[in-house]
Amino acid sequence: MKGKMTKSYSNDLREKVVKYLEAGNSYDQASKLFKISVSAIGRWYRKYKKEGNYLAKKRGGSKRKIDLEALENYVKLNENMTLKKAAQKFGVSVFTISYWLKNLGFRYKKKTFPTWKLAKKDAKITKKK
């Protein structure tokens, strides 16, 4: 199951397990008590003996390509901007801009029809009746 991302056990729990093992208890006893696999406990304890710590490895991941504060300021200063223009300014896709604007709480604002267009539509509807 490589590639499956799961959350790491807390460092607090790792510390408790290592202290339990330091007190002379076995991996099997620790596994049953803390409900963690024997292999995970063995890895933590071996790492503790070798490196002096039991901390989880830092996780990778991609860094956000866009500065959200700068995007928010840009939108406030350019109220009539388009997604395309914002995407060009920040060097990302239109989808990315749309995604982050939605997450920042900005919503698409539809342009209202001029009243004469609405009047024509209303007139067509009433004539059909």
### Query
Could you give every pair whose Cβ atoms fall below 7 Å, whose first residue belongs to the range 38-67 and is under 22 Å from Tyr99 (Cβ atoms), and whose second residue is surrounded by 10 or more Cβ atoms within 10 Å (Cβ to Cβ), counting only separations of at least 6 or pairs across chains?
Lys65/Val92; Ile66/Phe90; Ile66/Val92; Ile66/Thr96; Ile66/Trp100
### Summary
Those residues of the range 27-59 which are of a type in the set (A, V, I, L, M) and outside any helix (DSSP H, G or I) amount to Ile36, Leu55, Ala56
### Query
Going by the conditions given, is Ala86 surrounded by 14 or more Cβ atoms within 10 Å (Cβ to Cβ) and either in a loop (DSSP other than H, G, I, E, B) or under 22 Å from the mean Cα position of the chain (by Cα) (or both)?
yes
### Task
Consider only pairs whose beta carbons are under 7 Å apart and that are at least six residues apart or on different chains; among these, list those whose first residue lies in the range 95-120 and is aromatic (Phe, Trp, Tyr) and whose second residue is in a loop (DSSP other than H, G, I, E, B) and at pLDDT 60 or above.
Trp100/Ile66
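A quick yes/no check of all residues on (1) under 29 Å from the mean Cα position of the chain (by Cα); (2) polar (S, T, N, Q):
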position	(1), (2)
Lys32	no, no
Ser37	yes, yes
Ala40	yes, no
Tyr45	no, no
Asn53	yes, yes
Arg64	yes, no
### Message
I need the full set of residues from the range 53-88 which are among the basic types (Lys, Arg) and over 30 Å from Asp12 (Cα atoms), in order please.
### Response
Lys65, Lys76, Lys84, Lys85
### Message
Taking the criterion of being under 30 Å from Trp100 (Cβ atoms) and of a type outside the set (D, E, K, R), would at least one residue in the range 6-14 satisfy it?
### Response
yes
### Query
Quick check: anything in the range 62-74 exposed (fewer than 15 other Cβ atoms within 10 Å of the Cβ), modelled with pLDDT of 90 or more and not aliphatic (A, V, I, L, M)?
yes
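The values are calculated or read from the model by the stated rules, or taken from the named source; none is laboratory data. This structure is a prediction, so every number in the text was calculated from the model and none was measured. Ideal geometry is used to build each Cβ from the backbone, glycine not excepted, and the neighbour counts take in all protein chains shown.
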